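A.B. asks: Just passing along the structure, written as structure tokens.
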Amino acid sequence: MPLAPEVQQLIQQVEQLSNRPVHVMEETDLKARATVTPARRGAPGHIVRFRPGSPSLDYLVASQLQFLIRTFTCPAAERWDIVSTDTERDLGIKAMGLGGFEEPLARMMISSIITQLRTYSIGFRVDDWIWKNLPGLRQQQEAEIRSQLAENERALKPETRQKFPKPLVDANSSMNALYATLWGERLHETRFVIPFVAMGYRGKVADLRAVLDETPDDPACDRMLIERWAPVVGLTGAFHFKPYTTD
Amino acid sequence: MPDTPHDIQFPLADFDRSLLPEDQRELLGDSYLQAIREHLIGQFVGQGGAAEVAVTHDRVIIRWKESDKAESLADQGANHLKQGNTDKGIATLRVALERDPADAAALFNLGMSLVEARHVGEALELLERLVAIAPDYPSAWVALGVAQGSFGEIDVAIQSFREGLVRHPQDPFAHKNLGAALSQSGQLDEARDHLKAAVVLLPSDAQAWLNLGMNLEQSGVTAEAETAYQRVITLDPGGHLAEKAEAGRNRITQIKFRNACGALRPDVLTYCGDAIRVFETMPQEEVQRTTLEIAMLGAKGLTVNDPSTKYQLRSLPGDFTGLHLLCIEYVGFKIIDPTVDIGFDISAEYAEACRLRGQPQ
């Protein structure tokens, strides 16, 4: 599984910043395109997993590595994780209209939307960096972005939206709408945003974008970015930041 | 990924009504669905492909197909206008200008279409912006002049047409419109030069020929005016321009007719007297049949100044001159419908003929 030289450089950078090795491995049943598990609890290294068969492997791995780099670029005292207490989780479940769902399902969905809050907000920084600094991966990046855009469009189907409560659907769609807006502009295909605008998400896009633009693109400000996005998508009080530890 | 269609669907209930024009936000039923459809089609114009939009009772379905052969938004808008889809054309051009306020083609075409739609104030703003941004854009000054003329500012319009000619001396529309505007402001001689240039450059433009005909008629150059009017009738048979040309020809014929014999023409007096006498003994239906037969014949053109008896009727025996038939028609309409104006004034002869027959008019 040879990775592109620029990806190998990123691996080295993570390893230097964190003093832990990086392992990249396939995982057939992975739901996401790729994930990263930082090294902790005695794990020998950071693990980047990806779904096999992806033609965009280098980009997928690079983007996961960039998330790690942003974490380890910050001084140890300023690194953080997102967690929810039971009270916060209940608050989030109520805010997202998930009260009528079985608790395990409601917990899974609230956890999922908080993950999206983190991966989309910081993900824009990550993708922007890759776009500007790794032109050799641009083709792969564009293919993956287009694939994500198509997936987000599919989620607009009435059959999909009616399965979930409106606050949750709106939180998800607002972030997807910003994704369509920013990538539509970058790819010169503003059509991606038309369905979202038609559904009234222009205001949310403007709010999220304003925060994204106002917050400095500095890993030390990633936490602030998430904090400021949370009220826009209705997730105020549904989580808190705790210091990052390797335990 | 060209030519790969894909569908996007979302619930109709989630559509944001506030995106529609104000007068469409309260629509219901099929009109509402149609308004959404048109709005979304407009949004996808100029996106490098084609969108088909269907709106059902519960969802909006967009089928998007990318294409390499995308034309600009302004071109698409102009094409809609050419195909007579005015609303769609205007909507498309507005989107083009939202994306690029300096799009000269969009400014020009939207400005012109708004003049035609009688939104002259907005048209003026757009066309003034156009000449400021792209003063050499073909026919930009002409379009501005047309808008100014529609606003009643003939002198300002003339200045714009002149500016257009300075930049494009062979612009036929600059000559055509400058000639028309000068004629309107009474500057007939200078106008005629431009109108003659216009018909050379636009030999199939009926409006240009009509403008020239009217100028020549006003200037008393009746033979040339008749030729110009005849050209209009040939180019626009049955159209409203041909009607105007026909009216012009009739005016000229009457002038000639009056000039030929002074106040009362004895031949017309005789024809009117004969017609009154014949119609006196006829049932109303027969008068109507004869009158309408002549009217139908007259639609193809009666030569009033030709003395030869070359016309026959099914409803009356004999051979007739064009003038004779016209007199019968005039008298016939006085009986069946006096409000009809046949476009030829022989009222003095008719009045005298009535007086001689001891009849009220």
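The values are calculated or read from the model by the stated rules, or taken from the named source; none is laboratory data. Given the structure is predicted, the values throughout are model-derived calculations rather than measurements. FYI the Cβ positions are ideal-geometry reconstructions off the backbone, even for glycines, and counts take in every protein chain you see. In case anyone asks, the SASA skips ligands and DNA or RNA and just uses the protein heavy atoms, side chains included. Shrake-Rupley method; radii C 1.70, N 1.55, O 1.52, S 1.80 Å.
A.B. asks: Return the carbon/sulfur percentage of the accessible area of chain A, one whole number, probe 1.4 Å, all protein chains in place.
C.D. replies: C and S fraction of accessible area: 52 percent.
A.B. asks: Could I ask something else about it? On average, how many beta carbons from a partner chain sit within 10 Å of the beta carbon of a residue in A:196-207?
C.D. replies: Other-chain Cβ atoms within 10 Å of each residue's Cβ, averaged: 3.
A.B. asks: Given charges of +1 on the Cβ of Lys and Arg and -1 on the Cβ of Asp and Glu, with all other atoms neutral, how large is the dipole of the protein assembly as shown about its Cα centre, in debye to the nearest 20?
C.D. replies: Dipole about the Cα centre, nearest 20: 1040 debye.
A.B. asks: Between exposed trypsin sites (Lys or Arg not before Pro) in chain A, where DSSP calls loop and at most 12 other Cβ atoms lie within 10 Å, what's the longest gap?
C.D. replies: It runs A:42-162.
A.B. asks: With respect to the cross-link table entries A:K163/A:K242; A:K94/B:K65; A:K166/A:K242; B:K82/B:K196; A:K166/B:K88; B:K88/B:K300, which display a Cα-Cα separation exceeding 31 Å?
C.D. replies: Beyond 31 Å between Cα atoms: A:K163/A:K242; A:K94/B:K65; A:K166/B:K88; B:K88/B:K300.
A.B. asks: Now a separate question. Taking Cα atoms, how many degrees apart are the long axis of helix B:120-133 and the longest axis of chain B, rounded to 10 and kept between 0 and 90?
C.D. replies: 60 degrees
A.B. asks: Of all the stretches in chain B, which is the longest one without any exposed loop site, taking trypsin sites (Lys or Arg not before Pro) in a DSSP loop (any state but H, G, I, E, B) with at most 14 other Cβ atoms within 10 Å?
C.D. replies: By the stated rule (loop sites, at most 14 other Cβ atoms within 10 Å), B:119-299.
A.B. asks: If you don't mind, another one. With N set to the residue count of chain B, report its C-alpha Rg divided by 2.2 N^0.38 Å to two decimal places.
C.D. replies: With N residues counted in chain B, Rg over 2.2 N^0.38 Å equals 1.40.
A.B. asks: Also, quick follow-up: Can you find, among B:L28, A:G123, A:P104, the residue sitting farthest towards the positive end of the charge dipole of the protein assembly as shown, where Lys and Arg contribute +1 and Asp and Glu -1 at Cβ?
C.D. replies: It is A:P104.
A.B. asks: With every protein chain left in place and a probe of 1.4 Å, what is the accessible surface of A:F241, to the nearest 10 Å²?
C.D. replies: 30 Å²
A.B. asks: Return the calculated 222 nm mean residue ellipticity for chain B, to the nearest 500 deg cm²/dmol, obtained by summing -39500 (n - 2.57) across DSSP H runs with n ≥ 4 and dividing by the residue count.
C.D. replies: Estimated from H runs of four or more residues: -20000 deg cm²/dmol.
A.B. asks: While we're on this one: With both partners inside the stretch A:14-74, how many of the DSSP beta bridges are antiparallel, as a percent to the nearest 5?
C.D. replies: Taking every DSSP beta bridge with both residues in the stretch A:14-74, the antiparallel ones total about 45 percent.
A.B. asks: Return the percentage of antiparallel bridges among DSSP beta bridges fully within the protein assembly as shown, rounded to the nearest 5 %.
C.D. replies: Once the DSSP bridges in the protein assembly as shown are tallied, antiparallel ones form about 80 percent.
A.B. asks: Could you give me the radius of gyration and the Dmax of the protein assembly as shown, taking only the C-alpha atoms into account and expressing both in angstrom?
C.D. replies: Rg then Dmax for the protein assembly as shown, in Å: 39.3, 130.
A.B. asks: Choose one answer from B:L241, B:L33, B:L107: the residue with the largest mean-square fluctuation in a GNM of chain B with alpha-carbon springs under 10 Å.
C.D. replies: Top of the fluctuation ranking is B:L33.
A.B. asks: Highest GNM mean-square fluctuation, chain A, Cα pairs closer than 10 Å: which of A:P167, A:P219, A:P104?
C.D. replies: A:P104
A.B. asks: Additional query: Normalise the Debye intensity by I(0) for the stretch B:117-201, one equal point scatterer per Cα, no solvent, then take log10 at q = 0.10, 0.17 Å⁻¹ and round to two decimals.
C.D. replies: Debye curve over Cα of the stretch B:117-201, log10 I(q)/I(0) at q = 0.10, 0.17 Å⁻¹: -0.21, -0.61.
A.B. asks: If one computes P(r) from the Cα atoms of the stretch B:73-260, what percent of pairs lie at distances over 24 Å?
C.D. replies: 45 percent
A.B. asks: Shifting gears a bit: Do the sum for chain A: with -39,500 (n - 2.57) for every DSSP H run of n ≥ 4, divided by all residues, what is the mean residue ellipticity at 222 nm, to the nearest 500 deg cm²/dmol?
C.D. replies: When only DSSP H runs of four or more count, the value is -19000 deg cm²/dmol.
A.B. asks: Another one. Anyone know which of A:D90, A:D217, A:D29 comes out most mobile in the 10 Å Cα GNM of chain A?
C.D. replies: So, out of A:D90, A:D217, A:D29, the one fluctuating most is A:D29.
A.B. asks: What list of ³J(HN,Hα) values in whole Hz, one per residue of the stretch B:99-115 in order, does the Karplus curve 6.51 cos²θ - 1.76 cosθ + 1.60 (θ = phi - 60°) give from phi, with Gly and Pro shown as x?
C.D. replies: Along the stretch B:99-115, the couplings run 6, 9, x, 9, 6, 4, 5, 5, 4, 5, 5, 5, x, 5, 5, 6, 4 Hz.
A.B. asks: Tell me, what is a quarter of the convex hull surface for the C-alpha atoms of the stretch A:95-203, in nm² with one decimal?
C.D. replies: 7.3 nm²
A.B. asks: Looking at A:A180, A:I194, A:P167, which one has the Cα that reaches farthest to the positive end of the dipole of the stretch A:154-198 (charges on Cβ: Lys, Arg +1; Asp, Glu -1)?
C.D. replies: Most positive-ward Cα: A:P167.
A.B. asks: Between B:I61 and A:K132, how many nm apart are label points set 7 Å from Cα along the C-beta direction?
C.D. replies: Each label point lies 7 Å from its Cα, and together they span 4.4 nm.
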